[in-house]
Amino acid sequence: MRRKTWLTLCILVLSFTLAAPLASANPLNCACQDEDRDMRLDSPPLEGTDVEELQAILTTLGYYNNAITGVYDQSTAAAVERFQSWVGLKATGVFGAQERNALTIALAHESLSVATPGPPPGELRIEIDVDKRTLTLLVDDQVFKTYPCAVGKASTKSPVGEWRIIQKGTNWGGGFGTRWLGLNVPWGIYGIHGTNNPSSIGTAASAGCIRMHNRDVEELYPWIKVGTRVSIIGPYPRLRISQPLRPGQNSKEVQVLQLALREAGFNPGYTDGRYGPDTETAVNRLQIHYGLRPTGHADNNVLSLLDLRR
Amino acid sequence: MARVRDRRCPFRRLSWLLAIIVILVVSAYALYPYLYTVFSGQQYINPRVSLKAHESYELEFWVRLPSIANTRPFQEALEQCIADFTTGRSNIKVNITYLPPAQAGQRLQQALATGTPPDVLFHADSSQAFYGELQVPLSLYLNQQDRTAWPEAVWQQALVNNRVYALPVALFPRVMMVNSSLWQPTNLSLEQVLTSGWNWDQFLAAIAEAKQAQVYGFVPTSIGDALFAAMTTVWGQPAAFDPDGAPLWTEAFLENIAAGWKKLQQSPGVPTPANTMDENCLVLFLQQRAASIGPLNHNLTPWLWQEALKAGIQPAIWPLPNETGHSDFRSVYLAVFRQAEYQGHRHTKAAAEFALWLAPHLAEYMGRFASAIPAQTSLLTSLELPYDPASRQTYTAIDKALSRPYSYGPEPGLAEEHWQHTIAPAWSAYVTGQYTKEQFVQAVLSGLARATMTGP
């Protein structure tokens with residue numbers, strides 16, 4: 001009996017000792033909670049610091065993009081579903097023990113990724129060469145690393161121009177691969193992403209997006225912040241414009257105007273298809289240069305001077 | 001004995017002393033003729049001084065480039081030209097500084113205020129010939145033969161207080177273009193207009209005659225600043241201020257311009273309403289829906305000529321109407337300055353030599369890259385222009401330039417501000433119907449008066 005008691009005690013101590021590091025690694029083990037609860041959509045919705053913590057971790061991993069409220073709402077459930085899909089669990093939107101363990105592993109992986117030697121400090125910029133099918137990361141205009149990529153097909157060309165990263169996401173799944181870096185192209189959804197078809201890299205195969213190997217886009221992902229500049233270099237589209245353009249408009253035609261202004265020596269800022277103050281100033285300068293009334297509007301006179309009029 | 005000698009010539013010693021003083025003064029004046037000027041506190045320039053081979057001269061050359069799409073070829077040509085100049089003169093070094101367009105006036109104003117202007121200045125966007133007392137009158141370095149290189153009208157434009165302070169380099173013509181076939185009903189010939197000129201009323205009569213169904217007699221390129229600037233030349237006074245900074249425009253002058261606009265606005269030959277008169281002007285002309293168009297600057301004229309030919313139009317360049325029989329040519333200059341701190345006559349001479357050498361080369365580049373007309377008659381023959389002979393003659397008739405300065409007083413940069421903040425808004429309000437003629441005239445006159453006031 002005494003021997004049995006000692007044995008039981010020893011097993012208990014050993015199991016606590018082994019479990020302790022695992023428990024401390026689990027981000028959802030909170031001191032204020034006696035035990036982990038399963039989290040799901042409920043009425044009234046679940047609330048608490050554990051939900052808040054879950055939302056924060058899902059944000060870090062790129063699955064959750066909304067405000068951290070501490071309320072297990074529809075968007076939190078959707079983020080959990082995306083996470084479940086990525087780790088190969090059934091997408092139920094319920095956050096239980098399996099999800100908790102998977103999250104611990106994912107976090108460890110994320111911290112390892114961040115620890116990979118990144119670019120030196122400086123301003124990062126991405127340059128994509130449509131002809132060479134390469135994506136180059138530059139730091140203060142010096143080449144840091146070049147990756148192969150796939151670009152848009154002839155019928156669905158990649159949007160040549162100067163853009164910014166406006167969105168980051170992970171595991172959109174399918175053809176989007178493991179990471180997504182969205183661009184602010186005003187006439188469609190374009191981005192830099194991974195792939196489930198690695199053999200397409202180096203070809204013109206996409207619907208306009210920039211495809212990379214998953215490992216490459218995963219490496220790039222933590223370095224790139226929202227707002228990073230992305231230049232897609234390639235043959236510019238030559239469109240004819242039938243209607244005058246005005247400040248405030250966003251379109252392919254505006255980008256064509258910007259490119260023509262730049263070619264003519266009047267800097268319109270970034271050629272991003274947005275008729276903003278820089279483009280307006282460039283149009284003004286062109287009008288003054290030719291002795292026209294400076295209105296800042298790309299009217300028929302301006303379109304004629306730039307040889308853009310249909 | 002001594003007393004006897006003294007009685008014979010009591011002022012002998014004094015006379016000798018006076019004679020010696022006179023000889024010394026006369027000799028000094030012969031050797032250093034500028035001494036009196038220097039002692040009387042005036043600044044003196046000795047153009048006869050020679051540069052010494054063992055002395056080195058470092059010149060600061062500031063350039064405000066012309067408004068052209070790609071300035072790089074112009075810069076390269078200019079830098080090569082300076083290299084050519086310094087190759088044969090190893091003791092002269094020229095440092096070139098390109099002034100950013102937005103800061104050119106301000107930089108120059110500060111430099112002049114602190115007595116540290118550049119040695120040589122070329123401002124391709126300003127017709128200011130006089131910048132105040134630190135400027136060196138370049139006519140001192142020119143002999144009579146040199147002087148005849150410029151047509152009299154061009155020379156007169158550069159004249160300030162009977163001296164030429166800055167060398168005319170190139171001229172920017174402002175013209176109009178007609179569609180020869182649509183212009184035929186006017187029965188006016190270019191030769192006749194070039195010989196005897198045409199005034200505003202003749203121009204209005206012509207555009208009314210050229211009006212046909214679906215065809216305007218005239219479309220303005222701009223009813224804003226460009227038209228107003230052209231109209232000030234039509235009535236013979238392109239500059240708002242004289243070289244000393246006093247207002248030149250009078251009430252009667254402004255009323256004439258206001259009345260001229262009213263007549264144009266009411267002409268059957270132009271599009272209506274008035275505030276849309278300049279919309280689609282290029283398209284209307286190229287689609288043969290306008291018999292004439294103007295005013296055209298040096299950037300627009302060659303472009304429109306080529307486009308007109310492509311569109312199957314036979315274009316012709318005409319002078320803008322003018323009440324005094326002149327043409328509209330605005331000159332740009334090379335100016336030489338001294339520092340407030342004395343640098344020596346030879347330094348100034350080196351700067352003047354550089355300016356005199358550079359002027360014809362710069363004129364050539366202005367013609368090649370900015371479609372400007374060289375200010376010296378001898379350089380006109382080598383000018384490449386795409387126009388037919390008659391149009392070329394109109395475009396290059398610099399002997400018909402208005403003999404008045406286009407400059408706006410001695411303070412750089414300020415004239416543009418007055419123009420932007422006072423004159424241009426008043427004109428815009430008038431042509432868009434927000435101001436009456438009286439309000440427009442008063443707004444401009446009070447703006448000019450404010451501009452001449454000195455601060456506390």
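Sort out which residues of the stretch A:152-179 are closer than 14 Å to A:Ile126 by Cβ, under 17 Å from the mean Cα position of the chain (by Cα) and assigned to a strand (DSSP E or B), and write them in order of number. If the condition is that a residue be closer than 14 Å to A:Ile126 by Cβ, under 17 Å from the mean Cα position of the chain (by Cα) and assigned to a strand (DSSP E or B), then A:Glu162, A:Trp163, A:Arg164, A:Ile165, A:Ile166, A:Lys168, A:Arg179 are the ones that fit. Evaluating B:Glu307 against the criteria (1) within 25 Å of B:Ser189 (Cβ to Cβ); (2) away from chain A (no Cβ under 14 Å) leaves one unmet condition, (2). Within the group A:Arg238, A:Arg211, A:Arg215, A:Arg229, which residue is free of Cβ contacts under 8 Å to residues at least 24 places away in the same chain, within 27 Å of A:Lys168 (Cα to Cα), more than 14 Å from every other protein chain (Cβ to nearest Cβ) and out of contact with any Pro (no Cβ under 8 Å at 6 or more places or on another chain)? A:Arg215 is the lone residue from the list that is free of Cβ contacts under 8 Å to residues at least 24 places away in the same chain, within 27 Å of A:Lys168 (Cα to Cα), more than 14 Å from every other protein chain (Cβ to nearest Cβ) and out of contact with any Pro (no Cβ under 8 Å at 6 or more places or on another chain). Would you check if A:Leu183 is farther than 16 Å from A:Gln255 by Cβ, of a type in the set (A, V, I, L, M) and in the same structural domain as A:His213 (by TED's automatic domain parsing)? Criteria not met by A:Leu183.
Considering only the stretch B:247-265, I want to know if a residue exists there that is within 13 Å of chain A (Cβ to nearest Cβ) and either of a type in the set (Phe, Trp, Tyr) or closer than 24 Å to B:Leu385 by Cα (or both).
Among the residues of the stretch B:247-265, not one is within 13 Å of chain A (Cβ to nearest Cβ) and either of a type in the set (Phe, Trp, Tyr) or closer than 24 Å to B:Leu385 by Cα (or both), which makes the answer no.
Could you grab me the full set of residues in the stretch B:270-288 that are within 12 Å of another protein chain (Cβ to nearest Cβ) and either of a type in the set (A, V, I, L, M, F, W, C) or within 22 Å of B:Ala205 (Cβ to Cβ) (or both)? Steps first, please.
Taking the stretch B:270-288 and keeping what is within 12 Å of another protein chain (Cβ to nearest Cβ), we get B:275-287.
Result: B:Met277, B:Asp278, B:Cys281, B:Leu282, B:Val283, B:Leu284, B:Phe285, B:Leu286.
Could you list, in sequence order, all residues of the stretch A:283-308 that are under 38 Å from the mean Cα position of the chain (by Cα) and of a type outside the set (Gly, Ala, Ser)? If you could, list the steps in order and put the result at the bottom.
Here is the first cut: in the stretch A:283-308, the ones under 38 Å from the mean Cα position of the chain (by Cα) are A:283-286, A:295-299, A:302-303, A:306-308.
Those that are under 38 Å from the mean Cα position of the chain (by Cα) and of a type outside the set (Gly, Ala, Ser): A:Val283, A:Asn284, A:Arg285, A:Leu286, A:Thr295, A:His297, A:Asp299, A:Val302, A:Leu303, A:Leu306, A:Asp307, A:Leu308.
How many residues are under 17 Å from the mean Cα position of the chain (by Cα) and assigned to a helix (DSSP H, G or I) when one looks only at the stretch A:58-97?
The total comes to 8.
The residue of the stretch A:264-310 that is farthest from B:Ser428 (Cα to Cα), among those that are touching a residue at least 24 places away in the same chain (Cβ under 8 Å) and acidic (Asp, Glu), is A:Asp272. If you check A:Arg246 against the conditions, is it within 14 Å of another protein chain (Cβ to nearest Cβ) and out of contact with any helix residue (DSSP H, G or I) (no Cβ under 8 Å at 6 or more places or on another chain)? Yes. Answer yes or no as to whether B:Gly217 is more than 14 Å from chain A (Cβ to nearest Cβ) and either of a type in the set (Lys, Arg) or in contact with a helix residue (DSSP H, G or I) (Cβ under 7 Å, 6 or more places away or on another chain) (or both). Yes, satisfied. In the stretch B:281-292 there is at least one residue that is aromatic (Phe, Trp, Tyr) and crowded, with 22+ Cβ neighbours inside 10 Å.
Residue count for the stretch B:244-264, restricted to those that are within 16 Å of the chain's Cα centre (by Cα) and either crowded, with 21+ Cβ neighbours inside 10 Å or outside the structural domain of B:Asp278 (by TED's automatic domain parsing) (or both): 0.
Conditions (1) within 30 Å of B:Thr233 (Cα to Cα); (2) assigned by TED's automatic domain parsing to the domain that holds B:Ala129; (3) crowded, with 21+ Cβ neighbours inside 10 Å, marked per residue:
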| position | (1), (2), (3) |
| --- | --- |
| B:Trp318 | yes, no, yes |
| B:Glu341 | no, yes, no |
| B:Gly344 | no, yes, no |
| B:Thr348 | no, yes, yes |
| B:Ala352 | no, yes, yes |
| B:Ala355 | yes, yes, yes |
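Considering the stretch A:269-310 alone, what residues qualify as being assigned to a loop (DSSP other than H, G, I, E, B), away from chain B (no Cβ under 13 Å) and not aromatic (Phe, Trp, Tyr)? Passing the criteria: A:Gly269, A:Thr271, A:Asp272, A:Gly273, A:Gly276.
Those helices (runs of 4 or more DSSP H) of the stretch B:342-456 in which at least 3 residues are under 22 Å from B:Leu171 (Cα atoms) and at pLDDT 90 or above, considering only elements entirely within it, cover B:345-370, B:389-395.
The C-beta contact set for the stretch B:417-428 (first residue more than 9 Å from B:Gly447 (Cα to Cα), second residue modelled with pLDDT of 90 or more and among the hydroxyl-bearing types (Ser, Thr, Tyr), distance under 8 angstrom, 6+ apart or interchain) comprises B:Ala426/B:Tyr435. Exactly one residue out of B:Ala206, B:Ala239 is part of a helix (DSSP H, G or I) and either crowded, with 22+ Cβ neighbours inside 10 Å or more than 14 Å from chain A (Cβ to nearest Cβ) (or both), and it is B:Ala206.
Check the stretch A:215-235 and report whether any residue there is touching a strand residue (DSSP E or B) at 6+ places or on another chain (Cβ under 6 Å), surrounded by fewer than 23 Cβ atoms within 10 Å (Cβ to Cβ), assigned by TED's automatic domain parsing to the domain that holds A:Ser158 and more than 18 Å from A:Asn184 (Cβ to Cβ). Yes, the conditions are met somewhere in the stretch A:215-235.
The values are calculated or read from the model by the stated rules, or taken from the named source; none is laboratory data. These figures come from a predicted structure and were not determined experimentally. A quick note on method: Cβ atoms are made from the backbone with ideal geometry, for glycine too, and the neighbour counts reach across all protein chains shown.
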